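Taking it in order: structure first as structure tokens, then the write-up.
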Amino acid sequence: MGPQPSVGQRIQLANNRVTQQLPKRENKLLNVGLIGCGSMGSELARAVQLGKAGPTKIIGVYDEYAPGRIALVKELGKNQEPAPVEAGSVAELIGLTGMELIVECASQAAVTAHAVAVLTAGISMLVMSSGALVSADFMCKVTDAAEASGVSVYVPSGAVGGIDALRASKALLEEVTIVSTKKPIALSGAPGFAEWEDVDITGPTVIFEGSAAEAVGLFPANVNVAATVSMAGIGPDATRVKIVADPDSPGNVHEIHAVSRAGKFSFRFENIPHETNPKTSFLAVLAAIETLRSISEPGIRIGT
């Protein structure tokens, strides 16, 4: 028997192996649940209703903030009959008849609290807060639950590209670095930014340098990109991360530099922040929509 795949290799990035995991659908919508009704979750739900995410349907939503989920259900209900269920808990969301895929748009804490229960129930999961999967122990639990139930975990590329190149050269990678530059307001509230909250930052200032494993705990709402890059490449401990605060940054800027025996790769992304959440790049929302479309819609898949 040959070597067994690592835990990282068993977690699926984007829609890899999707056709093996989800049954063929004939004139049927994929029933989707949503955890998190903030800017990203709401944008995704609207895209589903407009048909931008393939043959999908939001059948239930949950958010700890009750007014947020109530408002989203009311909005969606104007164009959908019946309206999505406003679930009072994740357990209720999981228990909805016909639930096939749950999309997390909330936080790393939400993934940690609910992913295993979702997967154990035989429901696949699309995870936006990929930083939660950096923990080796938690990733093992998630992987085991997914494999035991025969379902998948999908991690969109988020606010960057180049994930396919990193995955393709994974065994040949020697070093990977990601530099994320954001306006100070986009970093505000992060534990790793605490000592800078009252500092007048007037130019590019390095806030953090270290591994992706360290970064995800200090900047949980800002470095899901680093987590995804690390899982696609050489892992969270070996992937180096630099976080820069710059009041003149053109947006949420991510620069990825990789060295491998297959060549050197550099990618730069200047992303426009989402209009209602400066911590999130609009591209991350678009990546989630495209991943959901790819999961639900048969046909040619490029780069997966």
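Tabulated data
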| read-out | value |
| --- | --- |
| Residue in the stretch 118-137 that is in contact (Cβ under 8 Å) with a residue 40 or more places away in the chain, within 18 Å of Gly217 (Cβ to Cβ), assigned to a helix (DSSP H, G or I) and open to solvent by 40 Å² or more (accessible area, probe 1.4 Å) present | yes |
| Extreme residue, surrounded by the most Cβ atoms within 10 Å (Cβ to Cβ), among residues of the stretch 202-236 that are part of a loop (DSSP other than H, G, I, E, B) and among the polar types (S, T, N, Q) | Asn222 |
| Single unsatisfied condition, Ala194 versus (1) under 22 Å from the mean Cα position of the chain (by Cα); (2) more than 16 Å from Val160 (Cβ to Cβ); (3) in a helix (DSSP H, G or I) | (1) |
| Options Lys264, Lys242, Lys279: the member that is basic (Lys, Arg), surrounded by fewer than 24 Cβ atoms within 10 Å (Cβ to Cβ) and either in contact with a helix residue (DSSP H, G or I) (Cβ under 7 Å, 6 or more places away or on another chain) or assigned to a loop (DSSP other than H, G, I, E, B) (or both) | Lys279 |
| Failed condition for Ala83, given (1) touching a residue at least 24 places away in the same chain (Cβ under 8 Å); (2) open to solvent by 40 Å² or more (accessible area, probe 1.4 Å); (3) small (Gly, Ala, Ser) | (1) |
| Filter result for the condition that a residue is of a type in the set (Gly, Ala, Ser), open to solvent by less than 70 Å² (accessible area, probe 1.4 Å), farther than 19 Å from Val155 by Cβ and in a helix (DSSP H, G or I), over Gly68, Gly60, Gly88, Gly51 | Gly68 |
| Ile178 under 25 Å from Glu275 (Cβ atoms), in contact with an Asp or Glu (Cβ under 9 Å, 6 or more places away or on another chain), hydrophobic (A, V, I, L, M, F, W, C) and crowded, with 24+ Cβ neighbours inside 10 Å | yes |
| Any hit, the stretch 235-247, residues being at positive phi and under 19 Å from the mean Cα position of the chain (by Cα) | yes |
| Where Val160 falls short, out of the listed (1) in a helix (DSSP H, G or I); (2) closer than 28 Å to Leu44 by Cα | (1) |
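The values are calculated or read from the model by the stated rules, or taken from the named source; none is laboratory data. Note that the structure is predicted; figures quoted are calculated from it, not measured. Methodologically, a virtual Cβ is constructed for each residue, glycine included, from the backbone with ideal geometry; neighbour enumeration extends over all protein chains shown. For the accessible areas, the whole protein counts, side chains as well, though only heavy atoms, and no ligand, DNA or RNA atoms are used. Shrake-Rupley method; radii C 1.70, N 1.55, O 1.52, S 1.80 Å.
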